[in-house]
1. What distance in nm separates the two pseudo spin-label positions at Thr211 and Lys48, each 7 Å out from Cα along the beta-carbon direction?
2. Using amide H atoms built in the peptide plane, which far-off residues or other-chain residues are under 5 Å from Asp180 H to H?
3. Peptides 192-200, 93-101: what's the order by average Cβ count within 10 Å, highest mean first?
4. Listed highest first by mean packing, meaning other Cβ atoms within 10 Å per residue, what order do 246-258, 14-26 come in?
5. Which residue, Arg241, Arg155, Arg31, has the most motion in a Gaussian network model of the chain that connects Cα atoms within less than 10 Å?
6. Residue separation times 0.36 nm, minus the C-alpha to C-alpha distance between Asp197 and Gln138: what's the value?
7. How do Glu164, Glu33 stack up against each other in accessible area, from largest to smallest, with a 1.4 angstrom probe?
8. Determine ³J(HN,Hα), in whole Hz, for all residues of the range 23-31 in sequence, where each value follows from phi through the Karplus function 6.51 cos²θ - 1.76 cosθ + 1.60 and θ = phi - 60°; x replaces Gly and Pro.
Amino acid sequence: MAERTRFGPAGVPPMFRLMGADLPDVPRLLREEGLDALEYAAVRWGPKPQISQELAQKLGAAAKENNVQLSLHGSYYINLSGKPDVVEASKRRLIASATAADWIGAYVMVFHTGFYGRFEKDFAFKTCLDALKDISSQMRSLGLKVKLGPETMGRKFQVGSLDEILTLNQEVENTQLVVDWAHLYAIRQGTLKKPEDFRAIAEKVEQNLGTEAMRSMHCHFSKIEFNPLGEKKHHTLDEERFGPDFQMLAEVIADFQMHPTIICESPNMDVDARKMQETLRQILESRQLKR
Ligand SMILES: [Zn+2]
């Protein structure tokens, strides 16, 4: 697929459901809106895929036909830092999500790794790292191709700081960097508010994972409300009281010649995805004119 920044919603937009659209219609409807990515939500799944292989493949074919890039958000019921039985159950859920991700042809399976719980932070992280290495090797022996995308998290008790996610990407095979900018904003208590703050993150990613991993990061974006523990609620782009500011990320995308996929997690997911796309288009266009 061509290297360009792609935009799409986190799940099927509610309006499509109201229109009575079937799942395989969704990529065409997104293309008609000018969007070119979709994160299929498998967030409430248990130990088995909750979509038939046939329907999944129809979705995959429709996405290809309409040049919509698919990703899949795996089950929320995961804790790779828990007790051994919890970790084993989490692995099964992730393998189920990965199986369906391959059926639809998703390039990455995004997921939340888990919680520190009562464990020491370092121990919780090591448990998570070992579990992910095992999942990655199980996936290889099962012939599953989708990349593992542990996401940067927004609450203090969740495993998934930027440093932890960078380490997972360095240490585990077949991973894809997933940065949720709203979560970073929440965990940093709103201190992601100057263009330099965004640049610093891109630079840190580049130093740790290289230029191409930085340019091709998978992103989640929305505005967010936070409290001292971090993430509270996702908000729409129009809500001025909340951050982060997409304009600043768009400038960094242009500066660093990035081509990320940006999944919009605001309550207005497809509408806001279009707004972000337009913001980036204007920035790229004004730079062309200045040359
Ligand atoms: Zn997520």
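1. Those two pseudo-labels are separated by 4.9 nm.
2. For Asp180, whose amide H was placed from the backbone, the distant partners under 5 Å are Thr152, His220.
3. Details: 192-200: 15.4, 93-101: 23.4.
For the peptides 192-200, 93-101, the packing ranking is 93-101, 192-200.
4. Working: 246-258: 18.7, 14-26: 14.2.
Put in order of decreasing packing, that is 246-258, 14-26.
5. Fluctuation is largest for Arg241.
6. Numbers: separation 59, 0.36 × 59 = 21.24 nm, distance 3.77 nm.
Full extension from Asp197 to Gln138 adds 17.5 nm.
7. Details: Glu164 25, Glu33 45 Å².
Greatest to least solvent exposure: Glu33, Glu164.
8. Along the range 23-31, the couplings run 3, x, 7, 4, x, 5, 5, 5, 4 Hz.
The values are calculated or read from the model by the stated rules, or taken from the named source; none is laboratory data. Since this is a predicted model, take the numbers as computed values, not measurements. In this analysis, Cβ positions are derived from the backbone assuming ideal geometry, glycine residues included, and neighbour counts consider all displayed protein chains. Remember, those area values only see protein heavy atoms, side chains included, never the ligands or the DNA or RNA. Shrake-Rupley method; radii C 1.70, N 1.55, O 1.52, S 1.80 Å.
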